[in-house]
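Okay, structure first, notes after.
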Amino acid sequence: MQKRSKWLKIAIVISSFCILTSCGVETKQLERLGLITAIGFDLKKENEINGTVAVSKFDPMAKVMTNVISANANTLQTLRAEENLAIDQRLEMGQLRCVIYSKELAEKGIIQLVNALNRDPTVGNMVYLTIAEEDASSIIKMDEKKIKVNIGTYLYNLIRQNVERELLISPTLHEFNHKFFDNGQDPVLPILQVKKDKVAISGVALFNDDKLAARLSNDKLFYLKLLTDEYRTGSKELEFDREEFSNIINTQGGKSFGEVYNKLFLSIDTLRSNTKIKLVDKKNIRFKVEVKMDSRLLETTNYLELGKTANMKFIEKKVNQEMEKQIKKLLLFFQEKKVDPVGIGNEYMAHVRGKPMTQKEWKELYKNAKFDVQVKNTIARTGTMD
Amino acid sequence: MKVNLHPKEGLLINAFMLFFIIHSVQVGVGLAGLPRVVYLVAKHDAWISVFLAGMITSIVLIFMVQMLKQYDSADLYGIHVDVFGKWAGQSLNFIYMIYMTSTFFIILMNYIEIVQVWIFPTLPTWQLSLVLILIVIYAVYGGIRVIVGVAFFSVIGTVWLVIVLFVPLQFGDFTHLLPILNVNAKQLVMGAQSTTLSMLGFEIIMFVYPFVKEKHKSMLFVQIGNLFTTIIFTLATLISIVFFASNSLEKTIWPVLSMFKIVRLPNLERFEFIAVSFWMLIILPNMCFYLWAASKGFSRILGKRQKSGVWIIAIVTFAATFLIKSRYQMNTITDVVAKLGFYFAFCYPVLLAMIVFIKKWFKRRGDKHAETQ
């Protein structure tokens, strides 16, 4: 009895060793792998895409650390197989950081290509998706000497640091999916542009379904972020008529207004904000958008008399009015372009019982939605000066 | 065959271990796909369905434990023989044994499928199944106390995964939960029924019961174990609904594992690999208990040694792994076993408990008559 269980133990140990030490499982040696860090997709012709990949190498002997390969195919997997034929290392998608779609593709719809990433278990969920202003391959093919690092890493850092500074809405694969598959929200992705040997973010693309429908310039992005996220840092410059503020402008003993600007610019910096979108009238689809924020005044182009409470209230009121106007304009712009990056549809569906709504039904209703915008801004601090 | 089972003092386990037993056997491969399965039926109120299922399980457990308390120290095999007589009882025992073997098989196959999809696409099924079955046989050879130990370490070793589940929450959109109770009662109940595969495992109490030292305390710990499972299941479902858009949750086969994809540690880019590997620790006690209970049945029915039962069941299961090749076959057979489980673990024990109560009541009355005469 005792002897038999000893034999069993030995058999288990031996077979475990044999099986667990890789017979049957593929080995992946780091030096022999080419890690794809970025992929760019362009539309070649109908039914054919051109994919360009940046491959990072680990081979210490190699001088060039990145390889760029381009191939044409119909599906992502064939593309990878085609590309595999053009390199001495085995291509792996596990370290993919950034995917770029050309504007042309985005206008036709990208979900067919994004789904390929969703199905593949080797692709992470935190890959950044972006749109190229022109063609995607030119971004991947950027001269690496100028940017000093692998293009995939560069793009990853470019987007990540801006997301962390709260200047950009996080464009990960997960967030794209979430917003795309939600019936009451549309995705937003950043647009990349090559500017003098550097890649920069030139704006954001707004999607209707999976098609690029409109773009938003960087300065409007503040309001979109204000509406969608809990905002912590981020600043916005507001433009005012100088005449309106003439009462509180401190001319500092009769010195001139300054001639560089003939308008008054205020720059405010959000400390925290909280946005509530409420459905107030179900029948007429009327939403109340309430933005509460604490901010600090960072910059004024004229000295203002900030010591007095009344003046501060006046500025707050002016800022509120200006922001309300801008937000309302932005919401109407979204409505006109039939995009819903804020997720107003989700808010609507959350309060209407009955059968779940399809995206199409919501977009029909969305056309007639009305918005009341209310901004409550408290200027909590004014920097080191009064 | 004796109705009551009186194991040696040294084989008994403490009643509080029932918490680990019930919890670890309930949590298994089912959990990985649970949110989606329920969501397909009960939509964004799926979490209510899951909670409801937990409540129902708790009621079924009351019946089970009360039924067991009618006997001195019996397991289901003994009760069958006592209630239905030798031939009918033994046939029912045999059917229950087959049910447990098939559950064992389903757990094994589902886990292997997860490993093949997520980590090793080219790994042949038989290799992993051989290793897993051998480990399980090894544990079952050690007897009930070793298996309970496996259950204990499985719970302790994997409970931290629940904390990791909170990471996806920050990407969530809570408007998905509203309006609450938007589906009708029928859908909620149907949703609760679809949790069967995940909730299964608590029926093991009917086989472990003779080994519990303080039997009067068993109800408490069984209920706590089930409550803990219910909370974890509800939480996982809730987070999945908040995290995924509705259309993508309907398409994701293992939402809980997919959620782990979002977790990113500085030196570990892909957390789901860790989660899938740890999942083996989660399913290990399930497989051990099912194999143990099935092989126990073998020895109880035929009066042979339990160890030969272990080998026979293991070999049959191993042979069966060669029959399944694809995802859709897997789906069909999982559905069949889930349905079986619904009848075997939820409906049948309640029915049996009723029969036992009536029988015992008649017997007591008969005894009283005999005394008075």
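The values are calculated or read from the model by the stated rules, or taken from the named source; none is laboratory data. All figures in this text were calculated on a predicted structure; none of them were measured in a lab. Virtual Cβ from ideal backbone geometry, glycine too; neighbours counted across all protein chains shown. For accessibility, only protein heavy atoms count, side chains too; no ligands or nucleic acids. Shrake-Rupley method; radii C 1.70, N 1.55, O 1.52, S 1.80 Å.
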**Prompt:** Can you give the helix-only mean residue ellipticity at 222 nm for chain B, where every DSSP H stretch with n ≥ 4 adds -39500 (n - 2.57) and the sum goes over all residues, rounded to the nearest 500 deg cm²/dmol?
**Reply:** -23500 deg cm²/dmol
**Request:** For the range B:9-360, just run the numbers: alpha carbon Rg, then divide by 2.2 N^0.38 Å, N being how many residues it has.
**Result:** 0.97
**Asked** What nm distance separates the two modelled labels at A:Lys278 and A:Ser202, each placed 7 Å from Cα along Cα→Cβ?
**Response** 4.3 nm
**Prompt:** Taking the highest mean first, how do the peptides B:104-110, A:208-214, B:184-190 order by number of other beta carbon atoms within 10 angstrom per residue?
**Reply:** B:104-110, A:208-214, B:184-190
**Fill in**
Taking chain A and counting helices only, DSSP H stretches of n ≥ 4 at -39,500 (n - 2.57) each over all residues, the nearest-500 ellipticity at 222 nm comes to -10000 deg cm²/dmol
**Most positive-pole-ward Cα, B:Asn93, B:Leu61, B:Phe273, against dipole of chain B from beta carbon charges** = B:Asn93
**Asked** Over all residues in B:171-183, what is the mean tally of Cβ atoms on other chains that come within 10 Å of each residue's Cβ?
**Response** 5
**Item:** Whole-angstrom gap from the range A:315-386 to the range A:78-109, using each part's C-alpha centre
**Value:** 37 Å
**Request:** Write down the radius of gyration of chain A and its Dmax, each obtained from C-alpha positions, in Å.
**Result:** 27.0, 107
**Item:** Extension gain, B:Leu177 back to B:Trp311 (0.36 nm per residue minus Cα-Cα distance, nm)
**Value:** 43.4 nm
**Complete:** Under the Karplus relation with 6.51, -1.76 and 1.60 and θ = phi - 60°, whole-Hz ³J(HN,Hα) for the range B:140-147, x at Gly and Pro, equal 5, 4, x, x, 4, 5, 5, 5
**Prompt:** Using 1/(1 + (r/R0)^6) with R0 = 30 angstrom and r between the beta carbons of A:Ser15 and B:Leu40, what's the FRET efficiency to the nearest 0.05?
**Reply:** 0.15
**Prompt:** Quick one: if the Förster radius is 60 Å, what FRET efficiency do B:Arg364 and A:Asp229 give, using the C-beta to C-beta distance and rounding to 0.05?
**Reply:** 0.30
**Asked** Over the C-alpha atoms of the range B:281-331, what are the Rg and the largest Cα-to-Cα span, Dmax, in Å?
**Response** 13.2, 39
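Return the value, in Å² to the nearest 100, of accessible area buried between chains B and A (probe 1.4 Å, both sides summed). Working shown, then result.
Numbers: alone 16790 and 21340 Å², together 34810 Å².
Its buried surface, counting both partners, is about 3300 Å².
About the Cα centre of the protein assembly as shown, what is the dipole size in debye to 20, counting +1 per Lys and Arg Cβ and -1 per Asp and Glu Cβ, all else neutral?
Roughly 2520 debye, rounded to the nearest 20.
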**Asked** How many nm separate the modelled label positions at A:Lys355 and A:Leu85, each set 7 Å beyond the Cα in the direction of the Cβ?
**Response** 5.0 nm
**Prompt:** Quick one: if you stick a label point 7 Å off each Cα along the C-beta vector at A:Leu167 and B:Val350, how many nm between them?
**Reply:** 6.2 nm
**Complete:** With the dipole of the protein assembly as shown defined by +1 on each Lys or Arg Cβ and -1 on each Asp or Glu Cβ, the option from B:Ile282, A:Val319, B:Leu169 whose Cα lies farthest towards the positive pole is B:Ile282
**Request:** Give the accessible surface of the protein assembly as shown per residue, rounded to a whole number of Å², with probe radius 1.4 Å and ligands, DNA and RNA excluded.
**Result:** 46 Å²
**Request:** Based on the mean of other Cβ atoms within 10 Å per residue, sort peptides B:315-322, B:339-346, B:197-204 so the most packed one is first.
**Result:** B:197-204, B:339-346, B:315-322
**Prompt:** Residue by residue, what Karplus-based ³J(HN,Hα) values in Hz, rounded to whole numbers, does the range A:372-377 have, using 6.51, -1.76 and 1.60 with θ = phi - 60° and x for Gly and Pro?
**Reply:** 10, 10, 10, 10, 10, 10
**Request:** Find the percent of Cα-Cα distances in the range B:77-195 that exceed 21 Å, and round it to a whole number.
**Result:** 69 percent
**Request:** For the protein assembly as shown, go through all pairs of different Cα atoms, get the mean of 1/r, take its inverse, and jot down that Kirkwood value in Å.
**Result:** 30.0 Å
**Request:** Work out from phi, with θ = phi - 60° and the Karplus expression 6.51 cos²θ - 1.76 cosθ + 1.60, the ³J(HN,Hα) of each residue of the range A:76-92, listed in order in whole Hz, and give x for Gly and Pro.
**Result:** 4, 5, 5, 4, 5, 5, 4, 5, 4, 6, 9, 9, 7, 10, 7, 7, 10
**Request:** Could you rank the peptides A:284-296, B:163-175, B:241-253 by their average count of other C-beta atoms within 10 Å per residue, with the highest value first?
**Result:** B:241-253, A:284-296, B:163-175
**Asked** Sequence-distant or interchain residues sharing an amide H contact under 5 Å with A:Asp372, placed H: which?
**Response** A:Phe287, A:Lys288, A:Val289
**Message:** Please give me the summed charge of the neighbours of B:Ile137: other residues whose Cβ is under 12 Å from its Cβ, Lys and Arg +1, Asp and Glu -1.
**Reply:** +2
**Prompt:** How many percent of DSSP beta bridges within chain A run antiparallel, rounded to 5?
**Reply:** 65 percent
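Over 29 Å between Cα atoms: which of A:Lys108/B:Lys325; A:Lys28/B:Lys307; A:Lys278/A:Lys338; A:Lys220/B:Lys261; A:Lys148/A:Lys338 fall into that group?
Values: A:Lys108/B:Lys325 38 Å; A:Lys28/B:Lys307 40 Å; A:Lys278/A:Lys338 20 Å; A:Lys220/B:Lys261 32 Å; A:Lys148/A:Lys338 41 Å.
Among A:Lys108/B:Lys325; A:Lys28/B:Lys307; A:Lys278/A:Lys338; A:Lys220/B:Lys261; A:Lys148/A:Lys338, the Cα-Cα distance tops 29 Å for A:Lys108/B:Lys325; A:Lys28/B:Lys307; A:Lys220/B:Lys261; A:Lys148/A:Lys338.
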**Request:** Would you please give the residues with an amide H less than 5 Å from that of A:Gly234, counting only those at least 5 places away or on a separate chain, with H modeled from the backbone geometry?
**Result:** A:Thr270
**Given charges at beta-carbon only (K, R positive; D, E negative), |dipole| of chain B in Debye** = 920 debye
